[in-house]
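To start, the structure under review is shown below, and the notes come after it.
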Amino acid sequence: MPEKAKEKTYRLHLMVCAGTSCVSNHSNEIKTALVKEIKKHNLENEIMIVPTGCNGFCAKGPILVVQPGNVFYQQLAVKDIPYLVEEHFLKGRLVKKFMYTPPKEKTPIPILNDIPFFNQQVLIALRNRGLIDPEKIDDYIARGGYTALAKVLTSMTPVEVIKEITASGLRGRGGGGFPAGVKWETCRHAGEERGEERYVICNADEGDPGAFMDRSIVESDPHSVIEGMIIGAYAIGAHQGYVYIRKEYPLACEKLNIAIGQARQYGLLGENILESNHSFDIEIHRGAGAFVCGESTALMASLEGKAGVPRAKYIHTVEYGLWNRPSCLNNVETWANVPVIINKGAKWFTSIGTGDVTDNPWGGSKGTKVFSLTGKINNTGLIEVPMGITLREIIYNIGGGIEGGKKFKCVQTGGPSGGFLPERLLDLPVDFDSLTDAGSMMGSGGMIVGDEETCMVDMAKYFISFLQEESCGKCIPCREGLRCMLAILERITKGNGKEGDIEALNDLSKLMIQSSLCALGQSAPNPVLTSIKYFPEEYDRHIFDKKCPAGVCTALYEMDIVPELCPGCMVCARNCPAGAIRGEKQKPHVIDKSKCIKCDVCYSLCKFNAIKKS
Amino acid sequence: MAKLKVEDLEKIREQARKTTSIREGGEFRAKVNVHMGTCGIAAGARNIMKALLKEIEEKGVHDILLTNSGCAGLCSQEPMVTVEVAGQAPVKYVNLTEKKIQKIFEKHVLGGKIVKEYALGIGSEKTDY
């Protein structure tokens, strides 16, 4: 190893979030402005700018964290930078106006660790978020990266590695919750028995709407996934790995490519890794963005260059997977957990989470789970929480409650084929089994919150419409079942629902669950079933009263102006695109219902709450 | 680049940590705070800061927290620095030059002995960190 030049010392490190969300909020321009201002003040030898992966608090992007001190600045604009550089970085005065202030409070919180969004999280998969430059392998190594690999290669046999992972109770983070250790063992065994080459695969084909956990891990810490895969390959006896990542994630692909290149340069991928007998390399395969390719057999078919459709799974992929060889598929987050378990031990890992996995790997949910928190919630973003935390703690403590002080209605977990959970289940612990028992599922970690203005029938329709488009069409129950379901839901939301629709939906669901080929069709009815189970009155109002209580289904409500509340400010009349509002100045206005197109412009503009949906 | 051995990995880690450990808010043996108000900068605080960075780099010590803060209120005696060795009371130094700060860095920051002839007194105003 050649000697490196002496490391330069900087007194300040500016950790600029360069995750997809912040980049779309112009964080690259912020970075350019910082470089310019720092140069202007001749501070370039004192201050280092570090582009990091997703910080997590996406609602407040673009984000800048100043180290040392962990000072958190949010929602920065290019015009703010000259002031910030002069005040804080040159003169040492923290700038309060760029800090985070919790809703309903007045005092800003300067330090990241004191912000409720952050201080209740437990970071394992996201351990390096915001602390490293994902394009520098040395940054990852500085944080203890690749020490687990060294430990495994120098002091553990493959069987010992598998035992450790099994004992940790690590279950598949892609949604299935299958114990990783059991999978690895079966795969190793199948390969040894037949004397065949085996493969490890990383599933980065995150297709759920509103979910961005895997993307963020790959973007912010690609080496954690690579290290996990090398360890997995050693345990299973594989020499080739694949990362199946969707093409819609250009930034994640770029970071992963750079990381793989660096790992190869250091000899951490390739022949005889760290002078051991273990040789392994990784290839990236870009998926074309089909939701069904997240399913293991469809993913492997796509990897082989065939059409991405699933097959029946009575033959497991761990035995006959990619090119009919034993293949071990785990998702991004699962792989990212592996190095930490090796370093800190299974015993430590099992101290976090629920249940008991000593004798039964299905006996509990251990460790943490990453969720992307979205919907009608104040603190949208990426979070990692210990298993067993309640939905209420996530939504109110970390998520900061419902946007605009509105009332909570539902939380949807598990992606499009997960389910809706009502307010009375908010104290449900978040783990694999509790969520499944309630009719939803952990899924890969999407969490969408709905408020009083969310229509359950409309939400169910949205997810069924998504799934219907993404169904591969190979098996009839899924292909036709989803079409029938969508037709019924569309009819209901247009005011043409009829007696027997609920029963038809329930029957269709049962049929699809029992007879669909893969998990897509088997779990697709979840949004319909849970919305019927927990919100039956909303279906009844739509079908029998022809009303949408949330005011979402346009055919089922009317706009009205409450005369007592309307001061006649004319704002609604001036902005109505249909010219449906009439009235004189300082006198209550009236909506002409025959002209109203229900665009909600007046509803969102009225400052006096005078416009009602009925 | 040649392939790594297990020992190399450890070497890279130690080397890289010299730059990155400052991000993790670990244990620092001393905190050096340069007062960088307009008055401080006019009196030469920028050069004091540069001299300190040079010292840290040359001595290869990475557990020293170098920070800056605004005017301490005693503008006539700038440039000023507050040195706080872990577990000891903070000490303010006034009317500094690059030479003086070098001595303070060696004797007080690294050696733990207060350089009395440059010191104003013991104690500190409240700082942000």
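The values are calculated or read from the model by the stated rules, or taken from the named source; none is laboratory data. Computed from a prediction, not measured in an experiment: that's the story for all the values here. Here the Cβ is made from the backbone with ideal geometry for all residues, glycine too, and neighbour counts use every protein chain on show.
Examine segment A:117-132 for a residue that is outside any loop (DSSP other than H, G, I, E, B) and either within 11 Å of chain B (Cβ to nearest Cβ) or touching a Leu at 6+ places or on another chain (Cβ under 6 Å) (or both), and state whether such a residue exists.
Checked against the condition, which is being outside any loop (DSSP other than H, G, I, E, B) and either within 11 Å of chain B (Cβ to nearest Cβ) or touching a Leu at 6+ places or on another chain (Cβ under 6 Å) (or both), segment A:117-132 yields at least one hit.
Among the residues that make up segment A:56-73, is at least one of them within 11 Å of chain B (Cβ to nearest Cβ), surrounded by 21 or more Cβ atoms within 10 Å (Cβ to Cβ), part of a strand (DSSP E or B) and at pLDDT below 90?
For segment A:56-73, residues within 11 Å of chain B (Cβ to nearest Cβ), surrounded by 21 or more Cβ atoms within 10 Å (Cβ to Cβ), part of a strand (DSSP E or B) and at pLDDT below 90: present.
All but one of (1) out of contact with any helix residue (DSSP H, G or I) (no Cβ under 9 Å at 6 or more places or on another chain); (2) within 14 Å of another protein chain (Cβ to nearest Cβ) hold for A:T297; state the number of the condition that does not hold.
A:T297 satisfies every listed condition except (2).
If we keep just the residues of segment B:2-24 that are hydroxyl-bearing (S, T, Y) and within 7 Å of another protein chain (Cβ to nearest Cβ), which is farthest from A:I132 (Cα to Cα)?
Among residues in segment B:2-24 that are hydroxyl-bearing (S, T, Y) and within 7 Å of another protein chain (Cβ to nearest Cβ), the one farthest from A:I132 (Cα to Cα) is B:T19.
On the given criteria, is A:S276 at pLDDT below 95, surrounded by 14 or more Cβ atoms within 10 Å (Cβ to Cβ), within 14 Å of another protein chain (Cβ to nearest Cβ) and touching a Ser or Thr at 6+ places or on another chain (Cβ under 8 Å)?
Yes: the conditions hold for A:S276.
Does segment A:118-127 contain any residue that is farther than 17 Å from A:P68 by Cβ, among the aliphatic types (A, V, I, L, M) and free of Cβ contacts under 8 Å to residues at least 60 places away in the same chain?
Checking segment A:118-127: not a single residue is farther than 17 Å from A:P68 by Cβ, among the aliphatic types (A, V, I, L, M) and free of Cβ contacts under 8 Å to residues at least 60 places away in the same chain.
A:L268 - would you say it is part of a loop (DSSP other than H, G, I, E, B), of a type in the set (A, V, I, L, M) and over 24 Å from the mean Cα position of the chain (by Cα)?
Spelling it out, A:L268 is indeed part of a loop (DSSP other than H, G, I, E, B), of a type in the set (A, V, I, L, M) and over 24 Å from the mean Cα position of the chain (by Cα).
Give segment B:74-84 a look and list any residue that's over 25 Å from A:L14 (Cα atoms) and more than 14 Å from chain A (Cβ to nearest Cβ), or say none.
B:L74, B:S76, B:Q77
Considering each of A:G267, A:G210, A:G241 in turn, give the residue that is small (G, A, S), over 30 Å from A:A460 (Cα atoms) and more than 14 Å from chain B (Cβ to nearest Cβ). Before the answer, list the steps.
Numbers: A:G267 fails: more than 14 Å from chain B (Cβ to nearest Cβ); A:G210 fails: over 30 Å from A:A460 (Cα atoms).
Among A:G267, A:G210, A:G241, only A:G241 is small (G, A, S), over 30 Å from A:A460 (Cα atoms) and more than 14 Å from chain B (Cβ to nearest Cβ).
B:H108 passes all but one of (1) crowded, with 21+ Cβ neighbours inside 10 Å; (2) in contact with a strand residue (DSSP E or B) (Cβ under 6 Å, 6 or more places away or on another chain); (3) within 14 Å of chain A (Cβ to nearest Cβ); (4) outside any strand (DSSP E or B); which number fails?
(3)
Take the residues of segment A:137-152 that are surrounded by fewer than 24 Cβ atoms within 10 Å (Cβ to Cβ) and more than 8 Å from chain B (Cβ to nearest Cβ): which is nearest to A:W348 (Cα to Cα)?
A:A148
Can you confirm whether A:N113 is in contact with a Leu (Cβ under 8 Å, 6 or more places away or on another chain) and either away from chain B (no Cβ under 14 Å) or of a type in the set (S, T, N, Q) (or both)?
Spelling it out, it is not the case that A:N113 is in contact with a Leu (Cβ under 8 Å, 6 or more places away or on another chain) and either away from chain B (no Cβ under 14 Å) or of a type in the set (S, T, N, Q) (or both).
Could you figure out which of (1) facing chain B (nearest Cβ under 8 Å); (2) touching a Leu at 6+ places or on another chain (Cβ under 7 Å); (3) not basic (K, R) isn't true of A:H13?
Against the list (1) facing chain B (nearest Cβ under 8 Å); (2) touching a Leu at 6+ places or on another chain (Cβ under 7 Å); (3) not basic (K, R), A:H13 comes up short only on (2).
Between a residue in segment A:202-225 that is farther than 21 Å from A:F466 by Cα and any residue that is among the aromatic types (F, W, Y) and part of a loop (DSSP other than H, G, I, E, B), which pairs come within a Cβ distance under 9 Å, given they are 6 or more apart or on different chains?
A:V218/A:Y249; A:E219/A:Y249; A:H223/A:Y146
On the given criteria, is B:L96 at pLDDT 85 or above, in contact with a Lys or Arg (Cβ under 8 Å, 6 or more places away or on another chain) and aliphatic (A, V, I, L, M)?
No; evaluated as a whole, the condition is false for this residue.
Give just the number: which of (1) among the aliphatic types (A, V, I, L, M); (2) within 12 Å of chain A (Cβ to nearest Cβ); (3) over 22 Å from A:V85 (Cα atoms) does B:V32 not satisfy?
Status for B:V32: all satisfied but (3).
Is there any pair with a first residue in segment A:142-165 that is hydroxyl-bearing (S, T, Y) and a second that is not in a loop (DSSP other than H, G, I, E, B) whose Cβ atoms are under 7 Å apart and which are 6 or more apart or on different chains, and what are they?
Short answer, once both residue conditions are applied: A:Y146/A:E227; A:Y146/B:L9; A:T147/A:N343; A:T154/B:V6.
Go through (1) more than 12 Å from chain A (Cβ to nearest Cβ); (2) outside any loop (DSSP other than H, G, I, E, B); (3) in contact (Cβ under 8 Å) with a residue 24 or more places away in the chain for B:Q88 and report which single condition fails.
(2)
Which numbered condition trips up A:R286, out of (1) part of a strand (DSSP E or B); (2) closer than 21 Å to A:C22 by Cα?
(2)
For segment A:417-465: of the residues being touching a strand residue (DSSP E or B) at 6+ places or on another chain (Cβ under 6 Å) and among the acidic types (D, E), which is farthest from A:I492 (Cα to Cα)?
Selected residue: A:D431.
Looking only at segment A:155-177, count every residue that is farther than 21 Å from A:V332 by Cα, part of a loop (DSSP other than H, G, I, E, B) and not hydrophobic (A, V, I, L, M, F, W, C) and tell me the total.
Result for segment A:155-177: 1.
For segment A:316-375, list the strands (runs of 3 or more DSSP E) that sit wholly inside it and hold at least 1 residues that are within 28 Å of A:L303 (Cβ to Cβ) and assigned by TED's automatic domain parsing to the domain that holds A:G446; which are they? Give the derivation first.
On the way: elements: A:327-331, A:353-355, A:364-366, A:368-375.
Ranges flagged: A:368-375.
Tell me the residue from A:K547, A:K585 that is of a type in the set (K, R) and in contact with a Phe, Trp or Tyr (Cβ under 9 Å, 6 or more places away or on another chain), please.
Details: A:K585 fails: in contact with a Phe, Trp or Tyr (Cβ under 9 Å, 6 or more places away or on another chain).
Every option except A:K547 fails the conditions.
Exactly one of (1) away from chain B (no Cβ under 14 Å); (2) touching a Ser or Thr at 6+ places or on another chain (Cβ under 9 Å) is unmet by A:A204. Its number?
Evaluating A:A204 over (1) away from chain B (no Cβ under 14 Å); (2) touching a Ser or Thr at 6+ places or on another chain (Cβ under 9 Å) leaves (2) as the failure.
Can you tell me which residue is farthest from the other protein chains (Cβ to nearest Cβ) among those in segment B:37-69 that are in contact (Cβ under 8 Å) with a residue 24 or more places away in the chain, aliphatic (A, V, I, L, M) and over 16 Å from B:I22 (Cβ atoms)?
Restricting to residues being in contact (Cβ under 8 Å) with a residue 24 or more places away in the chain, aliphatic (A, V, I, L, M) and over 16 Å from B:I22 (Cβ atoms), the top hit is B:A43.
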